[in-house]
Amino acid sequence: MALNLRQKQTESIIRMLNLNQPVTATGTANDEVYKILIYDRFCQNILSPLIHVKDLRKHGVTLYFLIDKERKPVHDVPAVYFVQATKHNIDRIVADASRSLYDSFFLNFSSSVPRQLLEDLASETLKTDSIQRIAKVHDQYLEFVTLEDNLFSLGQRSSYVQLNDPSAGDREIEEIVEKIVGGLFCVLATLAVVPIIRCPRGGPAEMVAMALDQRLRDHLLSKNNLFSEGGGFMSSFQRPILCLFDRNFELSVGIQHDFRYQPLVHDILGLKLNGLSVKSEKGGMNYELNSSDPFWSANGFLEFPEVAVEIETQLNKYKRDVDEVNRKTGGAAEAEFDGADMIGNTKHLMKAVNSLPELTERKQIIDKHTNIATVLLGEIKERSLDSYAKKVNEIMSRGGIDRNELLDLLRGKGTKMDKLRFAIMYLISSENINQSEVEAVEEVLKELEINTSAFQYVKKMKSLNVSFASANSTGKGNIVNWAEKLYGQSISAVTAGVKNLLSSDRQLALTRTVEALMEGKPNPEIDSYLVLDPRAQRSSAGTSSSHLKGPFKEAIVFMIGGGNYIEYASLQELSLRQHPPKHVVYGTTEILTGEEFVEQLMLLGQKMGLGSASVSSSN
């Protein structure tokens, strides 16, 4: 059983576009109906990486609009709505129905609709005498964004700040946890799997695990549950494991600069929803980077210098293939393959014509990645990013750095944010912090007019790491107290596994832990982790029979509070390293660049009255 989330979510969307009718092998419904698609911003983000305009046309969608856009009536045509279940969207639907904008309304909500909103929809459409226009209402359980076969995001912004805000109350924390649980439930419903849940004890990870376990148990009691096809008892080897972690488990990964191609493109160029805008001397270019791009799929996890070599290799191979075609057809050697000079025997000519689309596509992909790599190289040189990455690696391998080297690097090249990220990595990665050295770093940051709120916040966390080290006996507890909330799941969260971060095998603490959880062998690092099986009878809190501890061949790893392409790359490398290969899906509340995550740390620092809040750090 493969956890192909992208495929399953795409199939659900296609079924929805075909008015939830069964879809044939060709991917369309038997009765083709022309229709209009209405969506909100969030659902637009769900559709964007999966469905293109040509796909919409294929499924009979002739027009598509945002729900908040003013629209004119289109009579005798059904409308497919794909929106979040919010009061605002319900009000818009009622307004559209009362104005008879469309012939019939097929309402699809990205998650389950609360009963109160459903009642509001019914009563308001009755009042306006438009209830007959509501043809169908469906809960689609699609409230997550799938970017690649093994990568998804819940698109829940600022969850790290919300979960670690010292002023957050019980109710606010519960709402955030419930929202995360709702998103994860949608993922599991789309995959139609009920996993074994594992997580560190305490903190947000345990709160989400317990609430998700309860949500799944409640749902499994209903007759028409979404997981009925997997009803019987299955061994752990046939069921996936869901590993939940909180960002504080390995804080440093959210901040560091990484030199692999995919993380670099995301962090430096701002890859978003698989789309990328690149500005160069020739002007701006928009690119799509997803599984349909073979170069991106094959080389996304390679170090940047290796990618540059691979681009050159692919270009040389392309030139050789063009020369070969030209030679066989009598064209000029080293000419661009445009088919203009093709003469000669018919057999070679036909072969050349058939190879034209493939060669043209290869050239476009090579040109795309050449442009991206050129812009990346310019940024790396201008900002001296290689120096930052090298020095962080040295700090982690040696446990410290020479004071003059540290201060020289901070005064050298790079944006203010690059320097702030390096300063925070120094703070996290150094085993023994020299107080005068830290003060010297703070002075340089202030001298450079860099906001120190994030630096002060991490410094406070690190001091608490020592101060509260003896308090790691937290049970379920009330994690709203901010110090306990930060460290309830792992008192040594800030420094956990940081030495392994860029070690020779490049294995993150997260990856090492997931590997151990999938193996299911006794291991002191994970033996205390919570084990929950929503299909099993409740046993004493978090302890279950040995078969629930593995081994597992499939895992869903979920990072609460923001994830990144560094962790995604590391986990995919883990899955490919196994024999036979295992399957790991990585998800997070939101995918963040290093800068975006540091901005959340900055906000938390400001909420605690730490550092200089008035100076921008983004230049």
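The values are calculated or read from the model by the stated rules, or taken from the named source; none is laboratory data. Everything quoted here is computed from the prediction, not taken from an experiment. Quick reminder, even Gly has a Cβ in these numbers, built from the backbone with ideal geometry, and neighbours come from all protein chains shown. Surface accessibility is based on the protein's heavy atoms, side chains included, excluding ligands, DNA and RNA. Shrake-Rupley method; radii C 1.70, N 1.55, O 1.52, S 1.80 Å.
For the range 130-178, what are the residues that are among the β-branched types (Val, Ile, Thr) and closer than 30 Å to Val74 by Cβ? Outline the logic, then answer.
Residues of the range 130-178 that are among the β-branched types (Val, Ile, Thr), as a first pass: 131, 134, 137, 145-146, 161, 173, 176-177.
Listed by number, the residues that qualify are Ile131, Ile134, Val137, Val145.
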Members of the range 513-522 that are surrounded by fewer than 21 Cβ atoms within 10 Å (Cβ to Cβ) and either closer than 20 Å to Val208 by Cβ or at pLDDT 90 or above (or both): Glu515, Ala516, Glu519
Lone qualifier among Leu126, Leu101, Leu107, Leu118 - being at pLDDT 95 or above and either in contact with a Leu (Cβ under 9 Å, 6 or more places away or on another chain) or among the hydroxyl-bearing types (Ser, Thr, Tyr) (or both): Leu107
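Test Val265 against the criterion of being modelled with pLDDT of 95 or more, open to solvent by less than 10 Å² (accessible area, probe 1.4 Å), of a type in the set (Val, Ile, Thr) and closer than 23 Å to Glu599 by Cβ, and give yes or no. Spell out how you get there, then give the answer.
Numbers: modelled with pLDDT of 95 or more: yes; open to solvent by less than 10 Å² (accessible area, probe 1.4 Å): yes; of a type in the set (Val, Ile, Thr): yes; closer than 23 Å to Glu599 by Cβ: yes.
It is true that Val265 is modelled with pLDDT of 95 or more, open to solvent by less than 10 Å² (accessible area, probe 1.4 Å), of a type in the set (Val, Ile, Thr) and closer than 23 Å to Glu599 by Cβ.
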Filter result (charged (D, E, K, R) and either part of a loop (DSSP other than H, G, I, E, B) or over 14 Å from the mean Cα position of the chain (by Cα) (or both)) within the range 250-296: Glu250, Asp258, Arg260, Lys279, Glu281, Lys282, Glu288, Asp293
Residue check, Lys381 touching a strand residue (DSSP E or B) at 6+ places or on another chain (Cβ under 8 Å), modelled with pLDDT of 90 or more and within 30 Å of Asp258 (Cβ to Cβ): no
The lone exception for Arg403 - which of (1) surrounded by fewer than 16 Cβ atoms within 10 Å (Cβ to Cβ); (2) touching an Asp or Glu at 6+ places or on another chain (Cβ under 6 Å); (3) modelled with pLDDT of 90 or more it fails: (3)
Only listed residue being in a loop (DSSP other than H, G, I, E, B) and either open to solvent by 30 Å² or more (accessible area, probe 1.4 Å) or modelled with pLDDT of 95 or more (or both), chosen from Arg201, Arg217: Arg201
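To keep it simple, each residue is scored yes or no on (1) open to solvent by 50 Å² or more (accessible area, probe 1.4 Å); (2) within 22 Å of Arg157 (Cβ to Cβ).
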residue: Cys43; (1), (2): no, yes
residue: Leu66; (1), (2): no, yes
residue: His75; (1), (2): yes, no
residue: Tyr81; (1), (2): no, no
residue: Arg99; (1), (2): yes, no
